[in-house]
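What follows is one structure encoded as structure tokens, with my remarks underneath.
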Amino acid sequence: MTTPVIANIIEAEQGTSLWQDAWLRLSRNRLALFGLAVLVLFILIATLTPWIAPYSYTQHNLDLGATPPSAAHWLGTDIFGRDMLTQIMYGGRISLAVGFIATAVALLIGITWGAIAGYAGGRVDAVMMRMVDIIYALPFMIFIVLLMVVFGRNMLLLFLAIGAVEWLTMARIMRSQVQSLRQQEFVEAAISLGLSPATIVRRHLIPNALGPIIVYTTLTIPSVMLLEAFLSFLGLGVQPPQTSWGLLISFGAESMEEYPWLLLYPGIAMTLTLFSLNFLGDGLRDALDVRGAKD
Amino acid sequence: MLTVENLGISFVTRMGTNKAVDGISFTVEAGKITAIIGESGSGKSVACYSLLGLIPQPPGRIDSGRALFEGQDLLQLTEAQLRETRGRDIAMVFQDPMTCLNPYMTVGNQLMEPLRYHKKVSKAQARERALELLEEVGIRDPASTIDNYPHQFSGGMRQRVMIAMALINEPKLLIADEPTTALDVTIQAQILELLAALQKKRNIGILFISHDLAVVADIADTIVVMQEGKIVETGNRDDIFRHAQQPYTQKLLRAIPTGGKSEVLPKSETLLSIRNLSTWFRQGKTHVKAVDDVSFEIRRGEVLGLVGESGSGKSTIGRSILRLVPITSGEVIFDGTDITALAARELKNMRSRLQIIFQDPFASLNPRMTVFDTLAEPLLLHGLDNRSTVGASVLRLMDDVGLARSFVRKYPHEFSGGQRQRIAIGRALATRPEFVVADEPVSALDVTIQAQILDLMRELGKEYSLTILFISHDLAVVRKLADRIVVLQKGKIVEQARTSELFEQPQQPYTRQLLQSIPGRALRANAT
């Protein structure tokens, strides 16, 4: 709710919301801040890649072949003489996009689904959650492989397919959160004020349930990125000429004895991102712990 | 027997050092009951727990002092020596009998454990001793119940088991931490009686920790009053009750609800009438009849007290009236309209006329909304204000419930329990309702705060010309506010009468039992 300005009291003290409180705690956690900084840097680089990449994405030099890192090519070149730094930057665009967009899809479906099931309860809840159970029970690797085989490989489908698998856990977390919150008296108070169920869910339940969801999100992004890498590695995900970290790692692995830098640098980029997300996730979990936040 | 001198304890946290106990001294004599009284945060429990080494260090830290028990300084004992002392010389009874017994062990085995740990006795001897004690603490037919699990006992019975467990090694000192706070009034009276009787019979010393002066009024010999880590006043019971010296003690005494209000029985029309209301909850294949065919009426401007012990269905009635729980059958007629038959849209309009105040001020406010958002929500929802006028209305509400205007942008976790309850009251009154259900609105608050909130409710009741259904387990509190009282037991109405009539001439045995269980009889005898 946007609060109108209260003009006639100047001395109103600004309270600290639980979010601000959580941010204070997070900012004391160096490892989490480091993770956050790395992520911001990588996202910035990924966004600006077309302008700041040292070489064009399509530029290759077959005569040059694979060369180790040098002044002209900081991270070396691959067997087609393409600049590795450029490759990694463009690969990062895809990997990060898959990670964030697929997770956003999962969040959107999961939060809505879980909140409705948890608030409605009873038969609605039972039906909705049984559907989740059924999808859970499908071997999801085969599910994605099937999707890729039937509809052909395209990026959008990859986002959707991964998101469609990851939302299940989100929905479960959201549902259990909402279920316990709805027993709280402030929800009963909201009902007796005459608020509609949609408003109660939106204004009173979801903001209070977001803590665990945010933490889980930071853990979902790396798992989605790994999934993409795995699919690309199998040749089911991103396909050339597009590239991703997973694909680069896959190519690098093929020639890791002769040209170790082809595996090493994409590997470092991927690992650094995953570590950062995990540090941030841990930090957020501590920062958002409501029991600690009260004192 | 126990002499505590200059005891100081602090807690070291990231936010700084917090002095929980600040140089207190007191003694506990053999064969006497010493009560430590204080509100939450006064350090009373911390002080007593430190005697048995039950304060985790860190964050706790004992800064100073001695605690001499039979010539030994308890604070200097090693962990091994402490284990020897705990349970054998000094035993404890905790507040919550639900969580202090291991649910996977039979009561008998739990009783025998401390005995077998401290003394070399055979299993058969231990069992015999356990049976004797269960008998002594008033467990009926111990021979057949000793092998039962804790969940098969009621709350009061569990507390008796806890007491038996504490006594099994014949301790010289018993520390009882709010042993009756989690219990119903009638059970509380029984447990207090039991403790007093055991203390006389065995001539042990009891250190009784409580937040409630009335509870200890009947049993304590010496009373120690604590506030913010310091001792305010120490004296024998009669001195404290007759001529307390310190203003804080006097304030505590005044906060004990005594006497009633002058009843004005309005001749006005019936505002709310409940006819044959039943609310059942499904439990497996059967039903729990939480409310079972209850009928009563409330007149406009009246305060009706709804009194009963836990499980009497009093809260369910309140929630049924507001349609917060689905009812099974019956009618709730408010100003000529049957609320139970309203469709969603009509119900929404009706809701601005009926409101509720809850017991737990920590659960009844959305932690992510500021005072402003909380109070503005009902005003905007029911179209009583628009965005430009709502600010002034919120501030007026804050004035009414006694909250400083400068708090308007603060969040619930930045307030104390009493202040939070004021916010909750403000929210309930925002739509200017005619009828308010107050569901144990002061039970979670400290006594002095309790008195303030009751006063506030009385004032606001007049100012807003409210009709109130006041639900409480505490007859003394209800008496302060209610014109008429309905007594409930197991979902049925036992008796209803005007407040003064009910207190002077209770008709039903259950009502009489409830009245006799109100703690602080000695106190009231003094007052009159």
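Taking each residue in B:117-129, count the Cβ atoms of any other chain within 10 Å of its Cβ, then average. What number comes out?
Mean partner-chain Cβ count within 10 Å for B:117-129: 0.
Using Cα centres only, tell me the gap between the stretch A:238-279 and the stretch B:172-231 in whole Å.
70 Å
Using the Cα centre as the reference, give the magnitude of the dipole from point charges on the C-beta atoms of the stretch B:122-274 (Lys, Arg: +1; Asp, Glu: -1; all else neutral), rounded to the nearest 20 debye.
With only Lys, Arg, Asp and Glu charged at Cβ, the dipole is about 140 debye.
If the reach is capped at under 20 angstrom between alpha carbons, list the lysines near B:Lys19, excluding any in the same chain fewer than eight residues apart.
Correct list for B:Lys19: A:Lys294, B:Lys44, B:Lys230.
Using amide H atoms built 1.01 Å from N in the peptide plane, name the residues 5+ places from B:Thr328, or on other chains, whose amide H lies under 5 Å from its own.
Result for B:Thr328 returns B:Ser278, B:Thr279, B:Trp280.
Which of the lysines could a cross-linker bridge to B:Lys119, judged by Cα under 26 Å and excluding same-chain residues fewer than eight apart?
Of all the lysines, those that pass the test against B:Lys119 - Cα under 26 Å, at least 8 places apart if same chain - are B:Lys172, B:Lys200, B:Lys201.
Just checking the output field for B:346-358: average partner chain Cβ neighbours within 10 Å of each residue's Cβ?
Values: counts 0, 1, 4, 1, 1, 5, 3, 0, 2, 4, 6, 2, 6.
That average works out to 3.
Classify chain B from the C-alpha gyration tensor, please: rounded if a/c falls under 1.5, else prolate or oblate depending on whether a/b exceeds b/c. Could you put the intermediate results ahead of the total?
Values: a/c = 1.98, a/b = 1.53, b/c = 1.29.
Taking the square roots of the gyration eigenvalues as a ≥ b ≥ c, chain B is prolate.
For B:Leu271, which sequence-distant residues (separation of 5 or more, or a different chain) have an amide H within less than 5 Å of its own amide H, given hydrogens modelled in the peptide plane?
B:Ile298, B:Arg299, B:Arg300
Under the Karplus relation 6.51 cos²θ - 1.76 cosθ + 1.60, θ = phi - 60°, what is the ordered set of whole-Hz ³J(HN,Hα) values for the stretch B:341-351, x standing for Gly and Pro?
9, 6, 7, 3, 5, 5, 4, 4, 5, 4, 4
Could the peptides B:113-121, B:339-347 be put in order, highest first, of the mean number of other beta-carbon atoms found within 10 Å of their residues?
Most protected by this proxy first, the peptides run B:113-121, B:339-347.
Specify which residue in the list B:Met162, A:Leu219, B:Asn386 is farthest towards the positive end of the charge dipole of the protein assembly as shown, using unit charges on the beta carbon of Lys, Arg (+1) and Asp, Glu (-1), about the Cα centre.
B:Asn386
How shielded is A:176-188 by partner chains, expressed as the average number of their Cβ atoms within 10 Å of its Cβ atoms?
Partner Cβ neighbours, averaged per residue: 4.
Which residue, chosen from B:Ser278, A:Trp261, B:Leu252, occupies the Cα position most advanced towards the positive end of the dipole of the protein assembly as shown, where the dipole is computed from +1 (Lys, Arg) and -1 (Asp, Glu) charges on Cβ about the Cα centre?
B:Ser278
Take the alpha-carbon positions of the protein assembly as shown, form their convex hull, and give its projected area averaged over all directions (one quarter of the hull surface) in nm².
44.9 nm²
Compute, for chain B, the length of the dipole vector about the Cα centre, with Cβ point charges of +1 (Lys, Arg) and -1 (Asp, Glu) only. Units Debye, rounded to 20.
760 debye
Using the Cα centre of the stretch B:281-355 as the reference point, and only Cβ charges (+1 on K/R, -1 on D/E), how large is the resulting charge dipole? Debye, rounded to the nearest 20. Walk me through the numbers on the way to the answer.
Values: 12 positive and 9 negative charges, 81 e Å.
The dipole of the stretch B:281-355 has a size of about 380 debye.
Return the calculated 222 nm mean residue ellipticity for the protein assembly as shown, to the nearest 500 deg cm²/dmol, obtained by summing -39500 (n - 2.57) across DSSP H runs with n ≥ 4 and dividing by the residue count.
-15500 deg cm²/dmol
I need to check one value: relative contact order of chain B, counting alpha carbon pairs closer than 8 Å and at least 6 residues apart, in percent.
16 percent.
How much of the DSSP bridge set in the protein assembly as shown is antiparallel, in percent, rounded to the nearest 5?
Roughly 55 percent of the beta bridges in the protein assembly as shown run antiparallel, per DSSP.
Give the relative contact order (percent, whole number) for chain A; include only Cα pairs under 8 Å separated by 6+ residues.
Working: 372 pairs, mean separation 75.8, N = 295.
Computed value for chain A: 26 percent relative contact order.
Within the stretch B:270-527, how many Lys pairs sit with Cα atoms under 16 Å apart, leaving out pairs fewer than 8 places apart on the same chain?
So the count of such lysine pairs works out to 6.
Sequence-distant or interchain residues sharing an amide H contact under 5 Å with B:Ile357, placed H: which?
B:Val437, B:Ala438, B:Asp439
What are the ³J(HN,Hα) couplings of the stretch B:440-452, residue after residue, when phi is run through the Karplus curve with 6.51, -1.76, 1.60 and θ = phi - 60°? Round to Hz, x for glycine and proline.
Each residue's phi maps through the Karplus curve to give 6, x, 10, 5, 8, 10, 5, 4, 5, 5, 3, 4, 5 Hz.
Using a ≥ b ≥ c from the Cα gyration tensor of the stretch B:270-527 (square roots of the eigenvalues), is it rounded, prolate or oblate, where a/c under 1.5 gives rounded and otherwise the larger of a/b and b/c decides, a/b for prolate?
Judged from the Cα gyration tensor, the stretch B:270-527 comes out oblate (a/c at least 1.5, b/c at or above a/b).
Which one of B:Tyr411, B:Leu322, B:Ile485 is farthest out on the positive end of the charge dipole of the stretch B:270-527, using unit charges on Cβ (Lys, Arg +1; Asp, Glu -1) and the Cα centre as origin?
After comparing all options, I get B:Tyr411.
Where a ≥ b ≥ c are the square roots of the eigenvalues of the C-alpha gyration tensor, would you call the stretch B:397-510 rounded, which needs a/c under 1.5, or, failing that, prolate if a/b is larger than b/c, or oblate?
Values: a/c = 2.52, a/b = 2.04, b/c = 1.23.
The shape class here is prolate.
I need the phi-derived Karplus couplings for the stretch A:216-229: 6.51 cos²θ - 1.76 cosθ + 1.60, θ = phi - 60°, integer Hz, Gly and Pro marked x.
Result, rounded to whole Hz: 5, 4, 5, 8, 6, 3, x, 5, 5, 5, 5, 4, 4, 4.
Here, each number is a calculation from the coordinates, and none is a lab measurement. Everything quoted here is computed from the prediction, not taken from an experiment. When we count neighbours, we look across all protein chains shown, and the Cβ atoms used for this are built from the backbone with ideal geometry, even at glycine.
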